[in-house]
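Take a look at the structure set out below.
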Amino acid sequence: MPEVGLTHYLVVSIVLFCLGLLALVTRRNAVLMLMGIEFILNAANINLIAFSRFQGLNLDGHVFALFVIILAAAEAAVALAIVLHIYRMYNTVEADQIANLKE
């Protein structure tokens with residue numbers, strides 16, 4: 001059975017990052033755009049943990065990943081509250097259809 005190395009983690013991270021970027025660029029639904037951001041943050045977490053694991057017993061990557069998880073949770077809470085407020089005002093969460101946010 002082959003050993004899982006750093007390259008395997010980086011490939012998974014690249015795939016997650018590309019999926020998140022694709023969701024962020026192509027989707028106009030605000031909730032799906034938030035999911036794309038979460039994919040990108042999870043790809044960064046995989047990189048941080050993988051490099052921390054393969055550099056030795058250094059826990060810096062784990063601490064940074066914990067901060068990213070806390071940041072993602074706060075971002076999700078605030079962003080979903082904003083999306084719910086926009087839905088109540090405009091009855092849609094499509095980013096293209098919300099043109100008068102300046103008012």
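Quick look at the numbers
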| item | result |
| --- | --- |
| Number of the condition not met by Met89 [criteria: (1) assigned to a helix (DSSP H, G or I); (2) at pLDDT below 85; (3) surrounded by 13 or more Cβ atoms within 10 Å (Cβ to Cβ)] | (3) |
| Among (1) outside any loop (DSSP other than H, G, I, E, B); (2) surrounded by 11 or more Cβ atoms within 10 Å (Cβ to Cβ) - the single one Asn58 does not satisfy | (1) |
| Condition met for Ile82 (part of a helix (DSSP H, G or I), under 12 Å from the mean Cα position of the chain (by Cα) and β-branched (Val, Ile, Thr)) | no |
| Criterion (closer than 26 Å to Tyr9 by Cα, out of contact with any helix residue (DSSP H, G or I) (no Cβ under 7 Å at 6 or more places or on another chain), in contact (Cβ under 8 Å) with a residue 12 or more places away in the chain and part of a helix (DSSP H, G or I)) met by exactly one of Leu71, Leu24, Leu34 | Leu71 |
| Selection from region 47-103 of residues that are of a type in the set (Phe, Trp, Tyr) and over 28 Å from Arg28 (Cα atoms) | Phe51, Phe54, Phe64, Phe67 |
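The values are calculated or read from the model by the stated rules, or taken from the named source; none is laboratory data. These numbers were taken from a predicted model, which means no experiment stands behind them. So basically every Cβ, Gly included, is an ideal-geometry build from the backbone, and we count neighbours across all protein chains shown.
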